[in-house]
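Here's the structure we're looking at; comments come further down.
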Amino acid sequence: MNQEPSPIVANSVLPARREPVTIRTSDGLNLVGELALPADQPPLATIICVHPLPTHGGMMDSHLLRKMAWRLPALAQVAILRFNTRGTTSAAGTSTGDFDEARGEQLDLAAAVAFAAAAGLPTPWLVGWSFGTDVILKFGASDPNRLHDIRGAILLSPPLRYTSDDELQCWSTSQARLVCIVPELDDYLPAEPAQERFAQVPQAEVIVVPDGRHLWVGERFVRIVLDAVTAVVVPDRAPLPTDWAGPMTRWSDL
């Protein structure tokens, strides 16, 4: 008997193989994480998530990243690797170490990339939100060998708070794709100055979301962001469906 489709809402959790992971950094820290895989088929691509500023509540469960893990394995056949950077706490636990203002966090990202490669996860992309975009920008293009086979980076609400102009300029010689999804009304780097800053990177694509704000609050903006991410990572799976005809649970804290 076929199940009737139900709308996907803010706290919808779709089927996936979800497992807790521990990511070991080169300086000896243990990072708490989760890998979410499509339930009954191999992933087409992989997203490695880097969360917002932990001193302001950012963590692997920050809502956009958690909703990627809830939806994209089922809707887009994408693997989602989330983790807490050093010293960051979520419901899954606390990563060892201390917050290091996008310095030591570069080693966290390097360890996550290496973890994905060792697990044989295909077509890896980096997705950062706010502080996570600075970690990615500082990590990426200055040492291309450390990118392994990363296809590119998607930046959500990039504030460019910790990224120097020299670090940003390094991306201009990188082969990696760089997609910046910028809220029009961002509190830190709104559309026009974002376009000016990223103009120095020829391959940077700046997508401005009208009326959007830094935290992407509301299901309307969640859908816009997840559709935009999917259109980059697995283009033939975008836009995402808004209904689901299979098993679906509801997370209780939203």
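Under 5 Å from the amide H of Gly152 lie the amide H atoms of Leu126, Arg177, each residue being 5 or more positions distant or on a separate chain, with H modelled from the backbone and absent for Pro and chain starts. Helix-only arithmetic for the chain: the sum of -39500 (n - 2.57) across DSSP H runs with n ≥ 4, divided by the residue total, places the mean residue ellipticity at 222 nm at -7500 deg cm²/dmol.
Scalar couplings 3J(HN,Hα) for the stretch 220-225, obtained by applying the Karplus form with A = 6.51, B = -1.76, C = 1.60 to θ = phi - 60°, are 4, 6, 4, 4, 4, 5 Hz; x denotes Gly and Pro. The GNM of the chain, with springs linking C-alpha atoms under 10 angstrom apart, assigns the highest mean-square fluctuation among Val182, Val32, Val21 to Val21. Under a 5 Å amide H cut-off, with hydrogens placed 1.01 Å from N, Trp244 pairs with Ser6, Ile8 among residues at least 5 apart or on other chains.
Can you check how the C-alpha radius of gyration of the chain compares to 2.2 N^0.38 Å, as a plain ratio? Intermediate values should be presented prior to the final figure.
Working: Rg = 17.1 Å, N = 254, 2.2 N^0.38 = 18.0 Å.
The value comes to 0.95.
Free of any GluC sites (Glu not before Pro) that DSSP assigns to a loop and that have at most 15 other C-beta atoms within 10 Å, the longest stretch within the chain is 1-100.
Order of His214, His56, His63 from fewest to most other C-beta atoms within 10 Å? If you can, show how the numbers build up before the last one.
On the way: His214 19, His56 8, His63 16.
Going from sparsest to densest Cβ surroundings: His56, His63, His214.
DSSP finds beta bridges in the stretch 25-236, and of those with both partners inside it, around 20 percent are antiparallel. Using the Cα gyration tensor of the stretch 90-179, with a ≥ b ≥ c the square roots of its eigenvalues, what is the shape: rounded (a/c below 1.5), prolate (a/b larger than b/c) or oblate (neither)? Judged from the Cα gyration tensor, the stretch 90-179 comes out oblate (a/c at least 1.5, b/c at or above a/b).
Applying both filters, DSSP loop and at most 13 other Cβ atoms within 10 Å, to the trypsin sites (Lys or Arg not before Pro) of the stretch 43-149 gives Arg103. Spin-label pair Ala117-Asp149: with each label point 7 Å from Cα along the Cα-Cβ axis, the two points sit 1.0 nm from one another. With springs only between Cα atoms under 10 Å apart, run a GNM on the chain and tell me which of Asp166, Asp134, Asp61 wobbles the most. Most flexible of the set in this elastic network: Asp166. Using C-alpha pairs below 8 Å separated by at least 6 residues, the relative contact order for the chain is 20 percent. Annotation: amide H-H contacts under 5 Å for Glu205 (H modelled 1.01 Å from N, sequence separation of 5 or more, or interchain): Leu178, Val179, Cys180.
The numbers here are math on the coordinates, done by the rules we state, and not lab data. The model shown is predicted, which means the values in this text are computed figures rather than measured ones. Note that each Cβ is placed from the backbone with ideal geometry, even for glycine, and that neighbours are counted across all protein chains shown.
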